[in-house]
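The values are calculated or read from the model by the stated rules, or taken from the named source; none is laboratory data. Everything numeric here is computed off the predicted structure, so don't read it as measured data. Note that each Cβ is placed from the backbone with ideal geometry, even for glycine, and that neighbours are counted across all protein chains shown.
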Amino acid sequence: MLARIIGELGPWSWWVLGMLLLAAELVMPGVFLVWIGLGAILTGALSLLLWEAGFWTWQVQSLVFAASAIIFTLIGRRFFSSLEAASDEPLLNQRGASLVGRTAVLAEPIREGRGRIRLDDTFWVVSGPDLPAGARVRVASSNGRDLQVEEA
């Protein structure tokens, strides 16, 4: 049945598939089906031009569709990633990185490279040179969980 429908629609079957994918994007937004739909529409446009050509078999059409969908996806991804606006809070969900540059007093001494500081309401495990409790340190970097400190 599907082969009969595709045979009757001819080159327009790619256009129908492309429009169905674009309509599905409206139902399931995520800007992914758009690129696949554009690949189908491009394949449909080529099919209108090349339908009678002997080399334009369903295998070639499928390869053109797959390649164009991938190319459209890569181009769209690059285009939309360049449109991302700079955030006024770039470190919002990176708490450790937001602490870099702050100074604190050691709550526990740094022994054998490990100690603890208290910043705001949290105790943080720190690594750095051996220092006594009460020494002032500056946060130099963060690896997400631990902070690297140096003497302030």
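Cβ contacts < 6 Å: first residue closer than 18 Å to Glu8 by Cα, restricted to the stretch 51-73; second residue aliphatic (A, V, I, L, M) and not in a loop (DSSP other than H, G, I, E, B), any location; separation 6+ or different chain. Result?
If the second residue must be aliphatic (A, V, I, L, M) and not in a loop (DSSP other than H, G, I, E, B), the pairs left are Trp56/Leu50.
Residues checked against (1) of a type in the set (A, V, I, L, M, F, W, C); (2) free of Cβ contacts under 8 Å to residues at least 60 places away in the same chain; (3) part of a strand (DSSP E or B); (4) in contact with a helix residue (DSSP H, G or I) (Cβ under 7 Å, 6 or more places away or on another chain):
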position	(1), (2), (3), (4)
Gly101	no, yes, no, no
Ile110	yes, yes, yes, no
Arg116	no, yes, yes, no
Val125	yes, yes, yes, no
Pro129	no, yes, no, no
Gly134	no, yes, no, no
Ala140	yes, yes, yes, no
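Identify, from the list Glu108, Glu89, the residue that is in contact with a strand residue (DSSP E or B) (Cβ under 6 Å, 6 or more places away or on another chain) and of a type in the set (Asp, Glu).
Within the list Glu108, Glu89, the selection yields Glu108.
Among helices (runs of 4 or more DSSP H) lying entirely in the stretch 1-92, which contain 2 or more residues that are loosely packed, with under 12 Cβ neighbours inside 10 Å?
Once the helices (runs of 4 or more DSSP H) in the stretch 1-92 are filtered for at least 2 residues that are loosely packed, with under 12 Cβ neighbours inside 10 Å, what remains is 2-9, 12-27, 58-82.
The rows are residues; the columns are (1) at pLDDT 80 or above; (2) in contact with a Leu (Cβ under 9 Å, 6 or more places away or on another chain).
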residue: Phe55; (1), (2): yes, no
residue: Gln61; (1), (2): yes, yes
residue: Leu74; (1), (2): yes, no
residue: Ser81; (1), (2): no, no
residue: Leu99; (1), (2): yes, yes
residue: Ile110; (1), (2): yes, yes
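For the structure I just gave you, tell me whether Ser87 is at pLDDT below 90, in contact with a helix residue (DSSP H, G or I) (Cβ under 6 Å, 6 or more places away or on another chain) and not assigned by TED's automatic domain parsing to the domain that holds Arg145.
When the stated conditions are applied, Ser87 does not pass them.
So is Val100 outside the structural domain of Pro11 (by TED's automatic domain parsing), surrounded by 13 or more Cβ atoms within 10 Å (Cβ to Cβ), under 27 Å from the mean Cα position of the chain (by Cα) and not charged (D, E, K, R) or not?
Spelling it out, Val100 is indeed outside the structural domain of Pro11 (by TED's automatic domain parsing), surrounded by 13 or more Cβ atoms within 10 Å (Cβ to Cβ), under 27 Å from the mean Cα position of the chain (by Cα) and not charged (D, E, K, R).
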